[in-house]
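This report concerns only the one structure given below.
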C-alpha cells in the first residue's frame, strides 16, 4: 500500500496524472476511501471545451442580435404583420409588386398613394359602376377584369393574376376565410367602416404593403390639417345644440350606418351611432319606421352617390311620405342629398363631404367655404385630378346639391 501511495505522489509531482475519488479494501482496516490517481486523458480537455462553449452561448444570448435591413424599404427584414378589419393577423411580404384588390376603397387608396402600377386587375364595381376611377387612374381601362360576379371569384381565378397580396372587403368574411385557406398568398380584409381613424390607419397599412409610406404620411397630414381647419370654423357654433341627423343609405329609407364620421366632423349627431350592425363586416343597420319617428330627426340625409335615374329613395319621396309628415326634418323640408359610401369610401370625397355637411348644418359657414374650389383642391391633392370633382357633380346631377333653392356649386362661366 505504501508503494502505491508513493507512486501516486511521484506522478502528481510530474503533472502527468489527475486525482480520482475511489475506494480500496484492506484486510485489517476495512474499506478506506482515498484519491486514486490515473493518467491525464481527454476528460479534462472535454470539460474545458464544454465550459468555453457554455460561456460563449451566454455571451451571445446576452447581447442584441444584429438587425438586417432591407435596402429598399429601410426596415427590418422580419416580415410585417398587420391586423385587418376582421381581426385576422396577416403576414405580408417585404416586397410586393403585384396587388390584386377586390376592395374598391383599397384600389382608390393605391392610386392616391401613387401605387396604381401595382394593381394587376380591376374589380367589376370599379369597371362598370364607379363614377371616377377611370378619371383618377386612366390606366385602369387596360387592367383585366378580375371577375364578372362575386360568385365567380375563387382561388383559381386569383392565381391566374399571380399576386403577391390580395385585398378583400370585410363585408364578405367567408370569401376572406376561404381564400386564406386555399392560397399561400396573404389575404387582407380592410375597410374604414365609416370612421376616419380607421381610414387613415388603412391608408398607412396599404402604404406599408407597397412601400409608399412617405406619400401616406403626406396625405394623412393633409387630411388631419383640413379636419382641424373645419374644427376652427365650427368653434363659433360649438355651444349650440347639434343637429340630430338620420341617414337613409343604400337605396332604403330603413338602412342607416352606425358610424359615419363626416356627420360628426361637420358638427352633427348621427342618431344611429351606437347601434349594432345588422350585417357582419359592415356598418349597416336596419331600423324600423317607428324608430325613425321616435328619433324625430332635425335633418335627414339621403344617399346621393347614385346617378339620379338609379335612385330608389329620393328627397322628394321622403318629403311627400305621409308617414313622415310629423318628423321635424320633413316639416321644415330639411331633407338633403349627401355623398355617402360608394362601395366603401372614396377618401377625397369623404373629406370634402365634411365641409359640405357643415354648410348644411350651419348655413352661416357657406360664406366662409368655397366648396367648388375646395373640392377641386382635395381631388387634386389625392389624385392629381381636380377635374374629377366637377365630373362627379355632373354625373350626380347639379340638382342634387341645392340648399334652400340655391345651388351651392354655381356653374362657372367658361
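For segment 178-197, the residues whose backbone nitrogen is under 19 Å from a point 7 Å from the Cα of residue 81, taken along Cα to Cβ, are 180-181, 184-190. Centre-to-centre separation between the Cα atoms of segment 219-278 and those of segment 353-389: 16 Å.
From the gyration tensor of the Cα coordinates in segment 200-258, what semi-axes in whole Å does the equivalent ellipsoid have, largest first, with each one equal to sqrt(5λ)?
Details: eigenvalues 187, 98, 9 Å².
Over the Cα atoms of segment 200-258, the ellipsoid semi-axes are 31, 22, 7 Å.
Debye-formula intensities of segment 97-210, expressed as log10 I(q)/I(0) at q = 0.10, 0.20 Å⁻¹, are -0.26, -1.13 (one equal scatterer per alpha-carbon, no solvent). Ordering of 135-141, 266-272 by packing is 266-272, 135-141, highest average first (other Cβ atoms within 10 Å, averaged per residue).
Over all orientations, segment 207-344 has a Cα convex hull whose mean projected area works out to 10.5 square nanometres. By the count of other C-beta atoms within 10 Å, a proxy for reagent exposure, 384, 131, 118 are ordered fewest to most as 384, 131, 118.
For residue 215 and residue 98, compute 0.36 nm times the residue count separating them, minus their Cα-Cα distance, and round to one decimal in nm. Working shown, then result.
Working: separation 117, 0.36 × 117 = 42.12 nm, distance 1.89 nm.
Taking 0.36 nm per residue and subtracting the Cα distance, the gain is 40.2 nm.
Quick check: Cα centre of segment 294-333 to Cα centre of segment 101-161, how many Å? Value for the Cα centre distance between the two parts: 34 Å.
Over segment 233-377, calculate the relative contact order: mean separation of alpha carbon pairs under 8 Å at least 6 apart, over the residue count, as a percent.
Details: 215 pairs, mean separation 33.4, N = 145.
The normalised contact order for segment 233-377 reaches 23 percent.
Taking 7 Å steps out from each Cα toward its Cβ at residue 309 and residue 141 produces label points 2.1 nm apart.
Taken together, the values in this text are just the output of simple stated rules run on the coordinates, not laboratory data. Note that this is a predicted model, so its numbers are computed, not measured. In this analysis, Cβ positions are derived from the backbone assuming ideal geometry, glycine residues included, and neighbour counts consider all displayed protein chains.
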